[in-house]
Amino acid sequence: MSRRRYLLILVFISVVTIFWYVPKYGLLYDGGLYASLGKSLSEKGVYVFNDIPGDVPPIFSLFLAVLIKLFGEMGIVLASPLMAIIMLVTVYLLFEREFDPIVAFLGALLLLFTPPIFYYAVNVVRDIPLLAFVLLAYLVYLEIDSLNKFFEKRFKLPMIHEYIGEIVLGILIALALLTKYVAIFYVAPIFIHATREKKRQRVVISTTLLLLLPWSIWSYMVHGTPFVSHSSYLLKSTGSNFGEFFHVSIPNFVKWAFAPIFLISLPGVVQNVRKKGPFDIYLLLLVFTFVSGLFWPVKDTRYLMMAYPIIIYFALQTLSNFKREHVLIILAISVMFQVYYTYDLMEANKYSNTLFKDAGHWLRDNTPEDSKVLSQSYRPIYYFSGRLTYQPPQDQKLIERYIQSYGTSYAVIDTYEKVTPAYAYTYFDRYELVKTFKGHSHEIKIYDLTKTLHLDVILSFDFESQNGVNNVPKILQLLKEYNANATFYVSGEVAERNPLTIKSLDEAGYEIGSHGYYHEFPIFSEEDASIVAKDFNKSLEYVWDRSVKTKNNYLEILINSRQVIEEATGTKPGSYRSPLLTPSMRSEDHTSELQSHSFISYAVFCLKKKKKRKKYHNPIHKLLNLYSLSPPTHMPLNPYLHLPF
């Protein structure tokens, strides 16, 4: 079968399989940045993201800008698939230089269905275009003489026909570098090999530098550095995490490369070294790829993707020593296994990030143009909404400051981002939920930060010390000012010494509850006392000395405190708050006594209502910032236990 037919079949299979999954995948986190920069170039002619000049190399965004101009907003999804097809055709042509056409075809298919390659081929990321430009550069370099002869024969360009190959090579190297700076590692073997082979390089280097110059000038003028990168902060960690590289990156690489193919490639490496020496260009590319992955602080399989076609190449070198039919069987079986693994990966992750488009469009269509948004997935949200979007802080204490400083009026909370702060999933419930988008396994919620929900916070005060008497008038003034209600938990001793103060609180409509007599802890064993001491960072001696120790003592305290409060107010208290939230760990020891005397245990949220009490509607949370009350985490018994009257 001819080369053309193999290429047509390869392209057909690539188009059908890749584009089957493209609609089932959304805009990845980083993809939102490149897409937004492309959209900015397409619509406004400026290279900005979120009103900030772009800080990534421009080629991928320029490509996206062209696609957006031609096909609209969703033209971005064509970028990686198109570059993947170019990459696969290039790989086929590289393999065909040394192997049988059908072997080269199966080798290219094996690369297509290498799971990470296929996964990134359907997502908007720079990695596939980078591989395409680099592999094209290798093809041009290895066929540079043929390319020069082709142009000389077809176009007969005077003076420059003998340099056409070098010019094209320089353009491809520049495109690779302007896609991702790590390309310097991938193209270095070309210059090393050319130096050893004493090939001319001046035109290649001149062309590359000439194309890099405009970007470096712009980058320096805008960012103060000739090659700005949003990942530059990682450079200070270069050379770290070596252990993770060998324990995580390499095993994952071998797994996704299909372990048998990886093992088969090893003899091919040895064979190539013996045949071509240690400076073989493919071996150099493999070494430089692993070196870049080793020293880059982020250990991820995608930083080793350049090695996948090289591993397949060396595997084909090994198989070239076998009978043709055996080679075809091995490759066919390997392709089938990789198809299965790729299908498994893609099915497990399909419909990822697809809701960002819906959420972004809702913001675009239903919010003012000058609205600002808070979202961990700020890049895809910005692309689809056109609204300035900021990340929430990891520290919850800073969230209100962020909202005020940025002037954000909406928050988009999704279940996609693994680094979304944990507090974000509940914190924004205090604001009005205006829209929810639900997918197969994820959801996105949009909150209006200008509309705070009415929060009913019931306020209470512990009144256990004589020192608190002087604060009562101030507290009453604040409660009156905010039209807020409250419950005062009073110890029997305080009620006995200040009956008029307690009576005034009752007459003002505030509930009076029991807080013990001398602020005793209802604890009946040293074992329970040790738990409370640990929870509240107290000494065991302190807790045990202030504990009731027996049920009889506890009953006496309940009766005496109730009697004193009743004498002051004329009404029996209907609720009881345990000092330090410390009921006995044995629930039957604690609740049975309360039930027998009609108490509600620790009734912060359950107040005994009296007919004469006024109805208050305005919460006091704005004054005291009380949104929630939580018991100690290690308490076996819930101290908020509600009991019936």
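Report whether or not Lys44 is open to solvent by less than 40 Å² (accessible area, probe 1.4 Å) and of a type outside the set (A, V, I, L, M). When the stated conditions are applied, Lys44 does not pass them. Screening Asn537 on (1) outside any helix (DSSP H, G or I); (2) open to solvent by less than 10 Å² (accessible area, probe 1.4 Å) shows it passes everything except condition (2). The residues on offer are Asp30, Asp55, and the sole one that is in a loop (DSSP other than H, G, I, E, B), of a type in the set (Asp, Glu) and buried (at least 16 other Cβ atoms within 10 Å of the Cβ) is Asp55. Residue count for the range 484-532, restricted to those that are open to solvent by 10 Å² or more (accessible area, probe 1.4 Å) and part of a helix (DSSP H, G or I): 13. Taking residues in the range 321-339 that are among the acidic types (Asp, Glu), and partners anywhere that are at pLDDT below 95, not one pair has Cβ atoms closer than 7 Å while being at least 6 places apart or on different chains. Would you call Lys180 part of a loop (DSSP other than H, G, I, E, B), open to solvent by 20 Å² or more (accessible area, probe 1.4 Å) and either touching a Lys or Arg at 6+ places or on another chain (Cβ under 7 Å) or modelled with pLDDT of 95 or more (or both)? Criteria met by Lys180. Annotation: Ile264 fulfils all but one of (1) under 23 Å from the mean Cα position of the chain (by Cα); (2) over 22 Å from Ala188 (Cβ atoms); (3) open to solvent by less than 50 Å² (accessible area, probe 1.4 Å); the unmet one is (1). When Met87 is tested against (1) touching a residue at least 12 places away in the same chain (Cβ under 8 Å); (2) assigned to a helix (DSSP H, G or I); (3) open to solvent by 20 Å² or more (accessible area, probe 1.4 Å); (4) not small (Gly, Ala, Ser), just one condition goes unmet, and that condition is (3).
Can you pull out the residues in the range 350-380 that are more than 15 Å from Gly439 (Cβ to Cβ) and either in contact with a Leu (Cβ under 8 Å, 6 or more places away or on another chain) or open to solvent by less than 20 Å² (accessible area, probe 1.4 Å) (or both)?
Here is the first cut: in the range 350-380, the ones more than 15 Å from Gly439 (Cβ to Cβ) are 363-376, 378-379.
Residues satisfying the conditions are Leu363, Thr367, Ser371, Lys372, Val373, Leu374, Ser375, Gln376, Arg379.
Among the residues of the range 58-82, just one is over 25 Å from the mean Cα position of the chain (by Cα) and in a loop (DSSP other than H, G, I, E, B), namely Gly72. Of everything listed in (1) surrounded by 15 or more Cβ atoms within 10 Å (Cβ to Cβ); (2) of a type outside the set (Gly, Ala, Ser); (3) closer than 24 Å to Arg379 by Cα, the single unmet condition for Gln201 is (3). Residues in the range 217-247 that are of a type outside the set (Val, Ile, Thr), in a helix (DSSP H, G or I), out of contact with any Leu (no Cβ under 9 Å at 6 or more places or on another chain) and surrounded by fewer than 15 Cβ atoms within 10 Å (Cβ to Cβ): 11 in all. Filtering the range 1-35 to residues that are touching a helix residue (DSSP H, G or I) at 6+ places or on another chain (Cβ under 7 Å) and of a type in the set (Phe, Trp, Tyr) leaves Tyr6, Phe19, Tyr21, Tyr29, Tyr34. Just one of the numbered conditions (1) at pLDDT below 95; (2) touching a helix residue (DSSP H, G or I) at 6+ places or on another chain (Cβ under 7 Å); (3) part of a loop (DSSP other than H, G, I, E, B) is not true of Gly165: (3).
The values are calculated or read from the model by the stated rules, or taken from the named source; none is laboratory data. What you see is a predicted model; the values in this text were computed from it and never measured. Quick reminder, even Gly has a Cβ in these numbers, built from the backbone with ideal geometry, and neighbours come from all protein chains shown. What goes into the accessible areas is simple: the full protein's heavy atoms, side chains included, and nothing from ligands, DNA or RNA. Shrake-Rupley method; radii C 1.70, N 1.55, O 1.52, S 1.80 Å.
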